[in-house]
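Q: Got a structure for you, questions after.
The values are calculated or read from the model by the stated rules, or taken from the named source; none is laboratory data. Remember, it's a predicted structure, so these values are computed and weren't measured experimentally. As a convention, Cβ positions derive from the backbone with ideal geometry for all residues, glycine included, and neighbour counts pool all protein chains shown. Just so you know, the surface numbers come from the protein's heavy atoms only, side chains and all, with ligands and any DNA or RNA stripped out. Shrake-Rupley method; radii C 1.70, N 1.55, O 1.52, S 1.80 Å.
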Amino acid sequence: MPEGDSVFRLRRRLDAATRGSLVVDGEVRSGTAAGRSLAGVTIVAYDTHGKHLLTRFDDGRTLHTHLRMQGSWTITRAGRRLPTAVRDQARVRMRLADGREVWGIDLPVVELVPTAREVDAVGYLGPDPLREDWDADEAVRRLSQRPDRPVVAALLDQTRMAGLGNLWVNELAFLRGIHPFAPIGATDLHALVALAARCLRLSATVPGMYQVTTGDRRRGSSHWVVGRAGRPCLRCGTRVRVRDEVANDPEQRRTWWCPRCQPSPSGADVGPPE
């Protein structure tokens, strides 16, 4: 699932493959800039903030995109074509001088903004542990502003701390022994934020450790609670529980926890097992 570490890794792949390349033909196919040509620009840099990707061109414009749950990027070799069904979902196309084509597929957010005004697109986001301007104290300050908010809701709020998605929110709660619906103000926020930053950096930068939280990369063993509803906790053997994060949530986010390793502050566990 696309989270901050996913987009950071994507940025590195695109940067290694295309930075400095001239776009000889291409266009934006959706959003407010739909139909705008990209021919003649050179890709000079990529950046990320949370789950947002920024592709900067030498003409002073930035392509701002977001994958959400379904988007992706791919590069085809010279002379190769995308399958027709996939091509119809292309929201960005850039043909490079060497014949390769860069495709943004099924991207729900696509916009062109002046590079000098990128803040208009991403300025509302909280601190991101994968950026050079990471500010842990600011993340703690923002998370503490609504102390009664449930841990999972607070950590998913990108205006508080950017880059954490549902997988990391659930795994971090387990690793800290926090019940996911406990109030965020009852936790050690400095320790929680520090752990979140370490985990995202490990996942984003260490080969073979992408979204592995247990240290065990084997299938079915890489996560402590996510995706393990009704199965034994890998630490204590208690059956892992799950419940919907928000009723009718279009992103189908769920919350998993071990009732023994993550006891409820009230003493009464929340949510039916599945």
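Q: From the backbone phi of the stretch 210-227, what are the Karplus-calculated ³J(HN,Hα) couplings (6.51 cos²θ - 1.76 cosθ + 1.60, θ = phi - 60°) in whole Hz, Gly and Pro given as x?
A: Along the stretch 210-227, the couplings run 4, 6, 9, 10, 8, x, 10, 7, 5, 4, x, 10, 8, 10, 6, 10, 4, x Hz.
Q: Turning to a different aspect of this structure: Have a look at PRO129, LEU167, VAL24 and report the one farthest towards the positive end of the charge dipole of the chain, computed about the Cα centre with Cβ charges (Lys/Arg +1, Asp/Glu -1).
A: Selected residue: LEU167.
Q: What do you get for the angle between helix 166-175 and the principal long axis of the chain? Use alpha-carbon atoms, 0 to 90 degrees, nearest ten.
A: That helix lies at roughly 30 degrees to the long axis.
Q: Once you list every other residue whose beta carbon is under 14 Å from the beta carbon of ARG142, what net charge do they have if Lys and Arg are +1 and Asp and Glu are -1?
A: On the way: positive: ARG141, ARG146, ARG149, ARG160; negative: ASP128, ASP135, ASP137, GLU138, ASP157.
Computed value for this residue: -1.
Q: Percent relative contact order of the stretch 78-142, based on C-alpha pairs within less than 8 angstrom and at least six residues apart? Kindly include the intermediate steps, with their values, before the conclusion.
A: Working: 48 pairs, mean separation 12.6, N = 65.
19 percent.
Q: Between ALA17 and ASP133, what FRET efficiency comes out of the Förster formula 1/(1 + (r/R0)^6) with R0 = 22 Å and r the beta carbon distance, rounded to 0.05? Display every interim value, and only then the final one.
A: On the way: r = 26 Å, r/R0 = 1.17.
E(calc), rounded to 0.05, equals 0.30.
Q: Could you estimate the translational diffusion coefficient of the chain from the Stokes-Einstein equation, with Rh from the Kirkwood formula over C-alpha pairs, at 25 °C and 0.890 mPa s, in whole µm²/s? Let's see the in-between values first.
A: On the way: Rh = 20.1 Å.
Rounded to a whole number, D works out at 122 µm²/s.
Q: Shape of the stretch 180-261 from its Cα gyration tensor (a ≥ b ≥ c, root eigenvalues): rounded if a/c is under 1.5, otherwise prolate when a/b > b/c, or oblate?
A: Details: a/c = 1.41, a/b = 1.13, b/c = 1.25.
Since a/c stays below 1.5, the shape of the stretch 180-261 is classed as rounded.
Q: OK, next. Counting pairs of alpha carbon atoms under 8 Å apart in space and at least six apart in sequence, what relative contact order in percent does the stretch 136-257 give?
A: Computed over the stretch 136-257, the figure is 22 percent.
Q: Still on this structure, I have one more. Along the charge dipole of the stretch 136-257, pointing to its positive end and built from +1/-1 on Cβ of Lys, Arg, Asp and Glu, which listed residue (ALA196, ILE178, MET209) has its Cα farthest out?
A: MET209
Q: What accessible area per residue, rounded to a whole number of Å², is obtained for the chain using a probe radius of 1.4 Å?
A: On the way: 12700 Å² over 274 residues.
In whole numbers, the chain has 46 Å² accessible per residue.
Q: Would you mind checking the tilt of helix 4-18 against the longest principal axis of the Cα atoms of the chain, expressed as 0 to 90 degrees and rounded to 10?
A: Computed tilt is about 20 degrees.
Q: Stick to Cα atoms and the Kirkwood definition of Rh, then tell me Rg/Rh for the stretch 128-183.
A: Working: Rg = 11.0 Å, Rh = 11.5 Å.
Radius of gyration over Kirkwood radius for the stretch 128-183 works out to 0.95.
Q: Measuring from label point to label point, each 7 Å out along Cα→Cβ, what is the ASP120 to ARG243 span in nm?
A: So the two model labels end up 4.3 nm from each other.
Q: Magnitude of the Cβ-charge dipole of the chain, K/R +1 and D/E -1, about the Cα centre, nearest 20 debye?
A: On the way: 41 positive and 32 negative charges, 203 e Å.
Result for the chain is approximately 980 debye, rounded to the nearest 20.
Q: Quick check: Cα centre of the stretch 74-130 to Cα centre of the stretch 229-245, how many Å?
A: One Cα centre to the other: 38 Å.
Q: How compact and how long is the stretch 4-123, expressed as Rg and Dmax of its alpha-carbon atoms in Å?
A: 13.0, 39
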